[in-house]
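Notes for the one structure printed next.
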Amino acid sequence: MNPKLNFKEKLVFVRAFAFDVDGVFSGNIYLSSSGEQWRSMNIKDGYALQYAVKKGYPVAIITGGLCKGIQIRFEGLGVQDIYLGSSNKIEAFNHFLNKYQLHPTDVIYMGDDLPDYEVMKIVGIPVCPADAAIEIIQIAEYVSQYKGGEGCVRDIIEQVLRAQGKWFNSDAFQW
């Protein structure tokens, strides 16, 4: 991919998506009195994610979280590559690349905090939610107008699919 292209021009070259979870799909973690963690996720993010999967895009979820609910949620949306407990996100990302024979520049990655930094430095298009850590905002090629858990994932997926003419097709009307 030509590094001189702007963000919008690069979208046509995206072949895969990768996302962090907390701070991207969810804005807050709620704790029960027993210590169980609950996350609230945006339904429109979920729709866009399953639509990207339906369109044939490989999708990786790479998170330090270990919550079984994360796996259940993303498997329910059709995601096959879910990396829980990733203390080293580069390792998980490289596994994803090798599995699909992708180059890092084929991937758009959305992260929000320091554990995402190394992956974001090597992908084709690093992006983040509006409320990401300053260090992440500084390396992102695009900062969504939406905060984590408030539609930033939908924003990115929709832009890619629109740029590639795959967004509002006849199969968009089925979940």
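Read-outs throughout are calculated quantities, based only on the coordinates presented, and are distinct from any laboratory measurement. For clarity, every value in this text was computed on a predicted model and none was experimentally measured. Cβ atoms come from the backbone with ideal geometry, glycine included; neighbour counts cover every protein chain shown.
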- For segment 79-117, which residues satisfy the criterion of being within 20 Å of residue 156 (Cα to Cα) and among the charged types (D, E, K, R)? 81, 106, 112, 113, 116
- Message: Quick check on residue 76: is it within 21 Å of residue 27 (Cβ to Cβ) and without any contact (Cβ under 8 Å) to a residue 12 or more places away in the chain?
- Response: yes
- Item | Of all residues in segment 80-99 being assigned to a helix (DSSP H, G or I) and in contact with a strand residue (DSSP E or B) (Cβ under 8 Å, 6 or more places away or on another chain), the one that is nearest to residue 20 (Cα to Cα) | 89
- Note on the structure: Of the listed residues (85, 56, 64), the one being at positive phi and either of a type in the set (Lys, Arg) or touching a Ser or Thr at 6+ places or on another chain (Cβ under 9 Å) (or both) is 85
- Query: Among the residues of segment 160-171, which ones are over 13 Å from the mean Cα position of the chain (by Cα) and surrounded by 14 or more Cβ atoms within 10 Å (Cβ to Cβ)?
  - Reply: 161, 163, 164, 166, 167
- Enumeration of residues in segment 70-111 that are hydrophobic (A, V, I, L, M, F, W, C) and touching a His at 6+ places or on another chain (Cβ under 8 Å): 97
- Message: What are the pairs with Cβ atoms under 8 angstrom where one residue, in segment 46-63, is buried (at least 24 other Cβ atoms within 10 Å of the Cβ) and the other, located anywhere, is part of a loop (DSSP other than H, G, I, E, B) and hydroxyl-bearing (Ser, Thr, Tyr)? Sequence gap at least six, or different chains.
- Response: 62/86; 63/86
- Item | Boolean, residue 74 is crowded, with 19+ Cβ neighbours inside 10 Å, of a type in the set (Phe, Trp, Tyr), under 13 Å from residue 157 (Cβ atoms) and under 16 Å from the mean Cα position of the chain (by Cα) | no
- Residue, nearest to residue 160 (Cα to Cα), within segment 97-144, restricted to residues that are surrounded by fewer than 22 Cβ atoms within 10 Å (Cβ to Cβ) and of a type in the set (Phe, Trp, Tyr): 142
- Which of the strands (runs of 3 or more DSSP E) contained wholly in segment 1-41 include at least 1 residues that are loosely packed, with under 11 Cβ neighbours inside 10 Å? 26-31
- Task: Could you list, in sequence order, all residues of segment 121-139 that are closer than 17 Å to residue 25 by Cα and within 13 Å of the chain's Cα centre (by Cα)?
- Result: 126, 127, 128, 129
